[in-house]
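First up is the structure itself, then whatever we jot down about it.
The values are calculated or read from the model by the stated rules, or taken from the named source; none is laboratory data. What you see is a predicted model, and the numbers here were worked out from it, not measured in a lab. Using ideal geometry, Cβ is built from the backbone for each residue, glycine included, and neighbour counts are taken over all protein chains shown.
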Amino acid sequence: MDVLRTLFTLMIFPGGLFILFNGMVYEWADRKLVARLQNRVGPRWFQPLADMLKLLAKEEVVPASVDARLFIGLPVIALAGVLTAALYLPIAGLPPAYGFPGDLIVTVYMLSLLTLCTGIAGANTNNRFSLVGATRTLTQLFSYEAPFMLAMLGPAVAAGSWQIGEVMAYAAGHPVILTQPVGFVIALIGLMGKLEMRPFDAPEAETEIVAGAMTEYSGRGLALFYLGRYVELIAGLTLVAAFYLGGIQNPLDYFVKTLALLLVLVGLQTLMTRLRIDQTVGLWWRYGTLLVLLQWFVTLLLRS
Amino acid sequence: MSTDGNLSGKRFIVPIGPQHPALKEPGHFSFTVDGEIVTDASVRLGYAHRGIEKATESRNWTQSLYLLERICGICSHVHALAYCLGVEKLAGVEVPPRAQAIRVLVAELERIHSHFLWLGVAAHEAGFDTLFMYTWRDRETVMDILEALTGNRVNYSANVLGGVKFDVTPEIGDTIRRGLEFLEGRTHHYLEVVTTDQVFLQRTRGVGVMSLEQAETLGVVGPTARASGMIRDIRVEAPYAAYADYPVQPVLAEAGDLEARFIVRIKELFESYRIIRQILDTLPVGELQTRMPRRVKAGETVSRVEAPRGELFYFIKSNGTDNPERVKVRTPTLCNMASVLVTAVGHQLADMPMILAGIDPCFSCNDRTVIVADADGAAYTWEQIRHHGIAFYQGK
């Protein structure tokens, strides 16, 4: 029975299938809302699913100049990474499927794996757009990763634990968004950087470098990278909601809070112009990192 | 200009085009980059050459008008206008003032639709899709006006040799006024957006700066020149059609950067609104067409009009028959293209689409023949290449 239960947790709920579908629905909501705000019609509700089915069914073209094992393996690693991260999160408002002291660090690292794989995937090919895109992806990774991580650790420091479940329990009793407002903003904007949403979509700026690191990908590989991004959207929203919006106690709580955050992301995406990569790095290191460090010191001082 | 096999060498060239999402028409740009900084740029044009100039020689004067109107899908009216003005000058025909005023009216409506289109495209290149979608939605207003006025959204076919095809009734005048009122409000909003949105300004202010000296050396035209403080406006310098009766105030900016080009184009919209209203208020009474001879007297002439993108130049030569001997077209994009290559150097790769969009390029209009040369480098004449072609295919 235990094996069956584990398999169910990993493959169907809350990991695996559920989170994939959840991700597609949120992706649709994101695209649809941005479209409506931009005075467009936007995609139909099953569009992300249709895209995935089509891509998965298509032939995967492996370019001549790449290391084929890496080319095929990277999307799998990327998706596996974010799916693993999701297991430690209160997906759908249920308690995390797994947990151990320090799982927060593991989760945040697993969430970066997608970006890292994207960067390596781009650098693996010989395509100029991919190479420029990979450089930008990795440059951007180094700019938002540190502040995002610090923003995630802020509530953990206040809670005195690096286990997601315990931080959540602390967040449920304390208004973290009020005590650490800077951390909340940085975490949310860092999430946009992670997901390469506008204004941080320089790594895949279509008018400059086509699809960036993803240019050579088609079929299955591209589908897996997309799925990875959908799962990361869910994981990121859950993490921010759990830490800053008073924890996640039940399914209703989960959907209300994550969708509210998604709405904020939609608004920001609609309002912003794409930043150049140097502007992104400048923004994060000149303001983001310094502000979140300041927040950290304040948190530490108040705690002791 | 090699674009391959340079990965291990010092030069890393990013090819933009001939097929690329940033380009709506085929063109090829090679940007040599050092990291993200562009150190060299080159362009290759001619992918969309259609041989229209040559085709006019086997059509009569009236048929050529319809052909030339199809050079550009955006500024179709100015092509027909430049051609008509030239041919009418050759034939010594006086066009009634009402027709000339209607020609200017359509030309200004076309400028509005072209500038709105450009605003959207430029915003899209910068990654500001919201502005893109909104401007293109509002552009529908002027497209609807053009359709109501002429029956067509794109190739309005307003001109005939010796006049215009349709009249502006008071009812249609009211439709235009209502549309302009809406557009004017929106234009004020867009002017505010491009001059105050901090994130957007980061992408336009101080980017792609072209000084007045550079602009004069490179011979740029139209809004691109005016954004560098150079008065280059045929409507002002050599008024044609009815522009002498409806004088234009040239819109100038000093900065020469992308922001200045946004400001110049948007402020030109206000000027267009003003002229259109003035024409509607004081439309001369009279005929719409005069009689045009089928054959045009032998001679040659030059005709220039201000297209939305800058000076449009036509050279027309007649040999006294009912076909043109030669029609030569030079579109503003060709004059402005060199400025892209000069201003690109030193900027980031991310700025390239915007700098390119800054001149409002129109590729298929500016594409012209390639020089076909034999192995010795001697160019073929038209007759020689025709014989070569026949011999080549007979040998197959």
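Brief remarks on what is shown
- Any hit, region B:339-357, residues being part of a helix (DSSP H, G or I), within 14 Å of another protein chain (Cβ to nearest Cβ) and within 16 Å of the chain's Cα centre (by Cα): yes
- One residue stands out in region A:20-78 among those that are at pLDDT below 90 and of a type in the set (Asp, Glu): the one that is surrounded by the fewest Cβ atoms within 10 Å (Cβ to Cβ), namely A:Glu59.
- Matching entry among B:Val220, B:Val236, B:Val209, B:Val251 (being buried (at least 24 other Cβ atoms within 10 Å of the Cβ) and away from every other protein chain (no Cβ under 14 Å)): B:Val220
- Criterion violated by A:Leu265 - all others in (1) in a helix (DSSP H, G or I); (2) touching a Lys or Arg at 6+ places or on another chain (Cβ under 9 Å); (3) in contact (Cβ under 8 Å) with a residue 60 or more places away in the chain; (4) more than 14 Å from every other protein chain (Cβ to nearest Cβ) satisfied: (2)
- B:Pro324 vs. criteria in contact with a helix residue (DSSP H, G or I) (Cβ under 7 Å, 6 or more places away or on another chain) and either under 28 Å from B:Asp167 (Cβ atoms) or of a type in the set (S, T, N, Q) (or both): no
- Within region B:311-343, considering residues that are within 26 Å of B:Trp382 (Cα to Cα) and hydrophobic (A, V, I, L, M, F, W, C), the one surrounded by the fewest Cβ atoms within 10 Å (Cβ to Cβ): B:Phe315
- Index of the failed condition, B:His49 passing every other in (1) at pLDDT 90 or above; (2) farther than 20 Å from B:Thr187 by Cβ: (1)
- Subset tally (residues that are aliphatic (A, V, I, L, M), over 13 Å from B:Leu119 (Cβ atoms) and more than 22 Å from the chain's Cα centre (by Cα)) for region B:181-212: 3
- Among residues that are in contact with a Phe, Trp or Tyr (Cβ under 7 Å, 6 or more places away or on another chain) and surrounded by fewer than 21 Cβ atoms within 10 Å (Cβ to Cβ), A:Leu262 is included.
- Lone unmet requirement of (1) under 30 Å from B:Val95 (Cβ atoms); (2) in a loop (DSSP other than H, G, I, E, B) for B:Thr175: (2)
- In summary, helices (runs of 4 or more DSSP H) completely within region A:173-250 and bearing 1 or more residues that are within 14 Å of chain B (Cβ to nearest Cβ) occur at A:181-194, A:206-209.
- Breaking point among (1) within 19 Å of B:Val193 (Cβ to Cβ); (2) more than 14 Å from chain A (Cβ to nearest Cβ), for B:Tyr134: (2)
- Test for B:Ala379: is it touching a strand residue (DSSP E or B) at 6+ places or on another chain (Cβ under 7 Å), away from every other protein chain (no Cβ under 14 Å) and at pLDDT below 85: yes
- Filtered residues of region A:31-68 (kept if assigned to a helix (DSSP H, G or I) and polar (S, T, N, Q)): A:Gln47
- Selection of region A:107-156 for residues being in contact with a Gly (Cβ under 7 Å, 6 or more places away or on another chain) and part of a loop (DSSP other than H, G, I, E, B) yields an empty set.
- Total residues in region B:127-161, condition of a type in the set (Gly, Ala, Ser), buried (at least 19 other Cβ atoms within 10 Å of the Cβ) and more than 21 Å from the chain's Cα centre (by Cα): 1
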